[in-house]
Structure formats: structure tokens, C-alpha cells
1. Select from segment 149-179 the residues that are at pLDDT 95 or above and either part of a helix (DSSP H, G or I) or surrounded by 12 or more Cβ atoms within 10 Å (Cβ to Cβ) (or both) and list them in ascending order.
2. Can you confirm whether segment 84-92 contains a residue that is modelled with pLDDT of 95 or more, out of contact with any strand residue (DSSP E or B) (no Cβ under 6 Å at 6 or more places or on another chain), surrounded by 17 or more Cβ atoms within 10 Å (Cβ to Cβ) and of a type in the set (F, W, Y)?
Amino acid sequence: MRAAIVLAAAALAAGAFATSARADGDPASDYLLVQKVFLPFDAKLPAQQQAKFTALVAAANRSGFTIRVALISSSYDLGAITSLWQKPQTYARFLAEELSYLYRGRLLIVMPNGFGFDWLKHPSTAEYALLKTIPIAPGSAGLLTAAQTAVQRLATAAGVKIAAPARVSSPAQRNNHDRLVIILATLAALAAAVLLRFALRRRTGGTAPWRRR
């Protein structure tokens, strides 16, 4: 009973954070500070499919192919930065700058109209040439499939072999203790990251990052 109460409180806190993130200038930049994948808020995808993609990205990072991925299915996923909707390349540069004080590796953006890619202080010509060959089917499922293909092909082009895990436990299949540990750890990391981000924004005067280049 005690674990259930704590879990419920953590879930409410997570919901509150998600609500505030939606109102933020760029929700994905909050999530990707501590996670490797940002999925659309209203994504109607099977938990198992989401878990497999998250596991694939984790496997890529463990193999030495550092990458974080944001799937943007609508302008709603951009928070207040709706001017960057359907501008995946511009948004990739913006988000890379937003994350740069904690993460400076590869960043992949998937929108319905195309891909964005950025890796600070690295050219992206070869990556964009590869990404242009990958189709994006309609809907959230199309975004996820395209993202999976993109991660695998980008890693292969970089000489890193990864494979989608054959069996992955979805969140519904984990026990309550595992869920509790994950939620509490994530909330603590998110809180610390958001505080750091706001402090740095105040220090820089809130200048739009993609305009500082």
C-alpha cells in the first residue's frame, strides 16, 4: 500500500512536470536533458513499440554511437516554439544549442515533412544526404518507423553495428518497484536539469539560441 501511494504521488508529479513542459518554450529540450528519446505527447503507439525504439537508441549509445532523438508530430510538441513547426533542420540547430551545456552529441529530429540533424562543431552534409533517402509514412507510427530506420542507417554509416533488441519489456510488464525507482530517479534528474537550465537562461538574458550562431 505504501509503495502504491508513493507511486501515485510520483505519477502526479510526473504529470505536473509534463504539463509545465508543454507550456515551456521547448518541451523536448527538458526531456532530452535526461532521456535519449522524446516522443509526441499525444502519440498513440503501443507501449511495446515505444519500448523497442527506446531500447534501440540506448543500444546505439552503448555501442559508442551517441545520439538523442526527438519525434515531433505536431506544433503542439514544440510548446511556444511553433514558428519552427515543419522546419526540422532549423529546429535541430535550435535544440542542439538548448542542450549544449549538458549534451553535445548527435541529435536527430523527425517531423512529418522531413528530418533534422545536428552535431555541434561537426558538418552534417553526409547525414542529410543519407536521411533524404528515408521515407516518412503518415502518423505517429510512420515517424517512429522512420526514426528507427534513420538511427540504424546513421550508425551503420559511422561504422557502428546495432540491432533492435529482440525482446523488450514494456512499462506495463515491469513490477511496481522498478516503476517507482525509474519515476523517482527521472523526476529528480529532471528537476535538477530544469533548475540549471533556467539559471543559465537568466545568465544569458534569454537570447534565442539559434540566433547566436
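1. Listed by number, the residues that qualify are T149, A150, V151, Q152, R153, L154, A155, T156, A157, A158, V160.
2. For segment 84-92, residues modelled with pLDDT of 95 or more, out of contact with any strand residue (DSSP E or B) (no Cβ under 6 Å at 6 or more places or on another chain), surrounded by 17 or more Cβ atoms within 10 Å (Cβ to Cβ) and of a type in the set (F, W, Y): present.
So that you can scan it fast, the table gives a plain yes or no per residue for (1) surrounded by 16 or more Cβ atoms within 10 Å (Cβ to Cβ); (2) modelled with pLDDT under 95; (3) under 21 Å from Y76 (Cβ atoms); (4) out of contact with any His (no Cβ under 9 Å at 6 or more places or on another chain):
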site: S29; (1), (2), (3), (4): yes, yes, yes, yes
site: Q48; (1), (2), (3), (4): no, yes, no, yes
site: K52; (1), (2), (3), (4): yes, yes, no, yes
site: L56; (1), (2), (3), (4): yes, no, no, yes
site: A60; (1), (2), (3), (4): yes, no, no, yes
site: F65; (1), (2), (3), (4): yes, no, no, yes
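The values are calculated or read from the model by the stated rules, or taken from the named source; none is laboratory data. Everything numeric in this text was worked out from a predicted model, so none of it was measured. Positions of Cβ are backbone-derived with ideal geometry, glycine not excepted, and every protein chain shown enters the neighbour counts.
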